[in-house]
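To keep things clear, I will list the structure first and then write my remarks on it.
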Amino acid sequence: FFCFNTYLFIIKMAWAGIDDLLMTSLSVYPGSEIFERLSKQNKINFEDEYFLSLSSQGSLNVSPTFSNHYSRTELHLFKMGGFMLFYSLSLMIRPWRLVLLIRELCSGQGTTRLSMALINLRRRMLKLPHARPLPSLEFKPEHHKKEMTK
């Protein structure tokens, strides 16, 4: 039932024209009520791995879970299914997005989670360097003074 409602919501978002999706498992942060409850139940291990896991919630990696109903694997498959459902529907309903996706893959500059994930996957597989950051638009008066005195 839980899965059905979430997937129905994903379908509605793809149909409405939303162009990106983020699915994460529950992030239990220090100071929150649920953190205190899970700490008292000794379900949180206060080692580096726990704190590092907080930063990877939006990734495609298998995330930790504190659920009594779903395993880590089940939640990961549920998340991957949601991504596949959303992006396949989004591309079928709006086929021009496929052209935009291909253009972003060729340029190496992604604007959605899907294009950025595929670009990073290609870089890892081909061992390419990351894209150079865009030049800063920050005004640096000392730089302009040097050019004006030349």
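Exactly one condition in (1) more than 29 Å from Ile34 (Cβ to Cβ); (2) at pLDDT 85 or above; (3) basic (Lys, Arg) is not met by Lys79; state its number.
Just one mismatch for Lys79, condition (1).
Go through (1) at pLDDT 85 or above; (2) surrounded by 14 or more Cβ atoms within 10 Å (Cβ to Cβ) for Ser27 and report which single condition fails.
That leaves (1) as the condition not met.
Under 6 Å between Cβ atoms, which residue pairs at least 6 apart in sequence (or on different chains) link something in segment 114-138 that is within 25 Å of Val99 (Cβ to Cβ) and modelled with pLDDT under 85 with a partner that is open to solvent by less than 100 Å² (accessible area, probe 1.4 Å) and of a type outside the set (S, T, N, Q)?
Ala131/Gly108
Which residue is least open to solvent (accessible area, probe 1.4 Å), if the candidates are limited to segment 97-124 and must be part of a helix (DSSP H, G or I) and under 12 Å from Asp19 (Cα atoms)? Can you show your working first?
From segment 97-124, those part of a helix (DSSP H, G or I) are 97-107, 113-124; that's our starting set.
Going one step further and asking which of them are under 12 Å from Asp19 (Cα atoms), we end up with 97-98, 100-101, 113-115.
Working: Arg97: 44, Leu98: 83, Leu100: 69, Leu101: 22, Arg113: 91, Leu114: 42, Ser115: 0 Å².
Per the stated criteria, the residue is Ser115.
Given (1) in contact with a helix residue (DSSP H, G or I) (Cβ under 7 Å, 6 or more places away or on another chain); (2) at pLDDT 85 or above; (3) among the polar types (S, T, N, Q), where does Thr65 come up short, assuming only one miss?
(2)
The values are calculated or read from the model by the stated rules, or taken from the named source; none is laboratory data. Every value quoted in this text rests on a predicted model; they were computed, and no experiment measured them. Positions of Cβ are backbone-derived with ideal geometry, glycine not excepted, and every protein chain shown enters the neighbour counts. Ligands, DNA and RNA are stripped out before the accessible areas are found, and what is left, the full protein with its side chains, is counted by its heavy atoms. Shrake-Rupley method; radii C 1.70, N 1.55, O 1.52, S 1.80 Å.
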